[in-house]
Amino acid sequence: MLFRQLFDPDTWLYIGKGTETLLFRQLFDPVTCSYTYLVADGETKTAALIDPVLEQVERDFRLLNELGLSLQFCLETHTHGDHTSGTGKLRELTECEGVVPDHAPAAYADRRIRDGEILRVGDIQICAIETCGHTDSHMAYRINDTHVLTGDALLIRGCGRTDLRGGDAGTLYDRVTQRLFTLPEDTLVYPAHDYWGQTVSTIGEEKRWNPRFANKRREDFIQFMAALKLPDSQTMMEAVPANEQRGRLGWRARSQSA
């Protein structure tokens with residue numbers, strides 16, 4: 001069973017096959033078009049937040065309290081360049097663990113997660129999938145074999161840019177086609193951003209309809225990404241150092257450059 005909601009993702013809840021105890025919420029920051037994901041076990045009331053945004057910490061903390069959830073982990077897909085992470089502040093409020101991809105430069109991390117490592121939130125399994133290319137330390141997170149949170153590696157009908165620090169187009173192509181597109185086609189795809197009001201896709205859809213990957217060779221993808229000539233991110237100089245240091249600085253770190 002698949003539900004889609006095109007607007008107001010803050011109130012969105014998914015319940016479907018294999019997810020009897022899974023509470024899943026997609027939360028939106030309208031300024032950066034960033035998604036934060038709440039993943040929780042409805043039985044144990046333990047939870048994880050993925051890619052929290054500093055300016056939305058009050059919202060996220062209120063929702064945790066309203067649902068009676070205990071925050072166990074804050075996970076990052078990568079070191080963000082368009083917003084400051086809320087992990088540092090949420091650690092202060094909840095004593096959760098801050099989890100970042102292995103090799104990611106983040107001083108606030110309590111734990112570094114490696115490819116194939118599994119975190120458990122009650123009966124919910126969160127499996128890390130290394131998906132570098134947008135940055136040189138990036139993870140997607142597969143939830144209970146039904147959802148995959150793809151960060152900036154794979155967007156709905158797009159992907160993250162590869163021309164910033166640590167980016168590599170060839171690596172991104174390899175990771176998406178070899179690690180994400182090999183998942184079951186009905187796996188639900190939830191990205192870290194969307195600028196067009198789209199909330200969810202599937203692996204099958206992206207294999208067929210994502211114009212950056214569908215029927216594209218590796219060399220075609222590399223040439224395409226090099227030719228994009230995207231403008232420089234206006235917040236990289238603020239957001240990246242803030243995320244590397246404490247995850248709670250740079251309140252005005254805002255951009256739409258994924």
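Bear in mind these aren't lab numbers, they're just calculated from the coordinates by the rules spelled out. Note that the structure is predicted; figures quoted are calculated from it, not measured. As a convention, Cβ positions derive from the backbone with ideal geometry for all residues, glycine included, and neighbour counts pool all protein chains shown.
General remarks:
- The distance between label points at E58 and T21 comes to 3.5 nm (points 7 Å beyond Cα on the Cα→Cβ vector).
- Segment W196-Q178, extension gain: residue separation times 0.36 nm, minus the distance between their alpha carbons: 3.8 nm
- Label-point separation, Q125 to S70 (7 Å along Cα→Cβ), nm: 2.3 nm
- Contour minus Cα-Cα distance for H103 and R217 (0.36 nm per residue): 38.1 nm
- Beta-bridge orientation, segment 88-240: approximately 70 percent antiparallel, per DSSP, counting only bridges with both partners inside.
- Paramagnetic label reach from L164 (point 7 Å along Cα→Cβ; backbone nitrogen cut-off under 13 Å): within segment 83-101, residues 83-85.
- For segment 120-164, the residues whose backbone nitrogen is under 18 Å from a point 7 Å from the Cα of E185, taken along Cα to Cβ, are 146-148, 157.
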